[in-house]
Every structure is written in C-alpha cells, then in structure tokens.
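K.L.:
Let me give you the structure first, and then I'll get to my questions.
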Amino acid sequence: MNLRADITLDALNARARGSLPELFGLTVLHIDERELLMRMQVRPQLLAPNGFLHAASVIALADTACGFAVIAHLPAGAESFTTIELKCNFLGTAREGAVDAVARGVHLGRNTQVWDATVTEAATGKTLALFRCTQMILWPRAAASAKA
C-alpha cells in the first residue's frame, strides 16, 4: 500500500481541528511511506494526579499517529477506517517536554491494517511505550454490496 499522493502535513494537521487531537495538541511532523511522526507537548492537563504523563494521553498520541498514518495509506476507493483492537505496553513516563510517536505500518491490507507506534521522549529518545493497533478499512456500501 503506497502513501496517497494527496496527503500533506498541512492536510493531516488540519484534520485535528475541532477534535481530540487538537485538544491534546498533537502535531504531525513527518509522513513517509509506511511511517508517520507525531508530537505532543507535555502540559499539566495531560498528567495524571500523581504528576506523571497520563496513560490515556500516551494512548491518544499513539492511536492518533497510527490513525493519521492509516488515512495517508488508505487503499484507493476506501472511505475511512475504524480501530478494532489496540494494545499498549508502558515502559516509562514523562513529566515535561515533548513526547513523540513514530507509527510504522506492519500490515497494509485491503480490509485491515496493523500499525505499531513507539512513543519516546523527544529530547532523549527514551522509550515510554510500545503500541499496536489493528484498523478495519471501511468501504462505501455500494461498492461493498457490489463485491458480495
């Protein structure tokens, strides 16, 4: 599955407006064949009451990075996608600075895609989490019934 020609950093970042990625301050920094880099600035609202980066903040970053990567790699004619499974292993945390997620395509099929994301501290490269998700590709109903 190739990177769609109509996908740009500006187009991807515009998708964040008015939704959870904007609320979390997520920004796509780089997109390439089977890879996407997204950054999140750590701020007090993204921390748990214990002062560490909230697990949900890490998952929001990793899942959004993978989701935006899926958008950039949708098969021709596909309408959208939805997450059908995700898993995250937490290896560390952060209290400040920026956190990056690099999403990498593992399986880019016609009906499903599997993406891995490694979440790291931007300044040190220290790994904070390993994330994997499976996405179901959504096709227009008319095309789906015509194939049946």
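The values are calculated or read from the model by the stated rules, or taken from the named source; none is laboratory data. Since the structure is predicted, the reported quantities are computational estimates derived from the model, not experimental observations. Positions of Cβ are backbone-derived with ideal geometry, glycine not excepted, and every protein chain shown enters the neighbour counts. Surface areas here come from the heavy atoms of the whole protein model, side chains and all, with no ligands, DNA or RNA. Shrake-Rupley method; radii C 1.70, N 1.55, O 1.52, S 1.80 Å.
K.L.:
Are any residues in the range 8-20 open to solvent by less than 80 Å² (accessible area, probe 1.4 Å), out of contact with any Phe, Trp or Tyr (no Cβ under 9 Å at 6 or more places or on another chain) and assigned to a loop (DSSP other than H, G, I, E, B), and if so, which ones?
P.N.:
The answer is T8, G18, S19.
K.L.:
Continuing with this model, one more query. For the range 62-110, what are the residues that are in contact (Cβ under 8 Å) with a residue 12 or more places away in the chain, surrounded by fewer than 21 Cβ atoms within 10 Å (Cβ to Cβ) and under 15 Å from N2 (Cα atoms)?
P.N.:
Hits for the range 62-110 are I71, L74, P75, G77, A78, R104, G105, V106, L108, G109, R110.
K.L.:
Just to be sure, is L36 aliphatic (A, V, I, L, M), more than 16 Å from E121 (Cβ to Cβ) and not in a strand (DSSP E or B)?
P.N.:
no
K.L.:
On to the next question. Taking L23 as meeting all but one of (1) touching a Leu at 6+ places or on another chain (Cβ under 8 Å); (2) surrounded by fewer than 20 Cβ atoms within 10 Å (Cβ to Cβ); (3) not in a strand (DSSP E or B), write down the number of the exception.
P.N.:
Result: L23 fails condition (1) only.
K.L.:
Please work out if E35 is closer than 21 Å to V114 by Cα, open to solvent by 50 Å² or more (accessible area, probe 1.4 Å) and under 14 Å from the mean Cα position of the chain (by Cα). Let's see the steps before the verdict.
P.N.:
Working: closer than 21 Å to V114 by Cα: yes; open to solvent by 50 Å² or more (accessible area, probe 1.4 Å): yes; under 14 Å from the mean Cα position of the chain (by Cα): yes.
So E35 passes the test.
K.L.:
Modelled with pLDDT under 95 and open to solvent by 20 Å² or more (accessible area, probe 1.4 Å): which single residue out of L29, L3 fits that description?
P.N.:
Values: L29 fails: modelled with pLDDT under 95.
Among L29, L3, only L3 is modelled with pLDDT under 95 and open to solvent by 20 Å² or more (accessible area, probe 1.4 Å).
K.L.:
For the range 111-125, give me each residue that is surrounded by 14 or more Cβ atoms within 10 Å (Cβ to Cβ) and either over 14 Å from the mean Cα position of the chain (by Cα) or among the polar types (S, T, N, Q) (or both).
P.N.:
Listed by number, the residues that qualify are T112, Q113, T118, T120, E121, A122.
K.L.:
Of the residues V42, V58, only one is open to solvent by less than 40 Å² (accessible area, probe 1.4 Å), over 24 Å from T134 (Cβ atoms) and among the β-branched types (V, I, T); which?
P.N.:
Every option except V42 fails the conditions.
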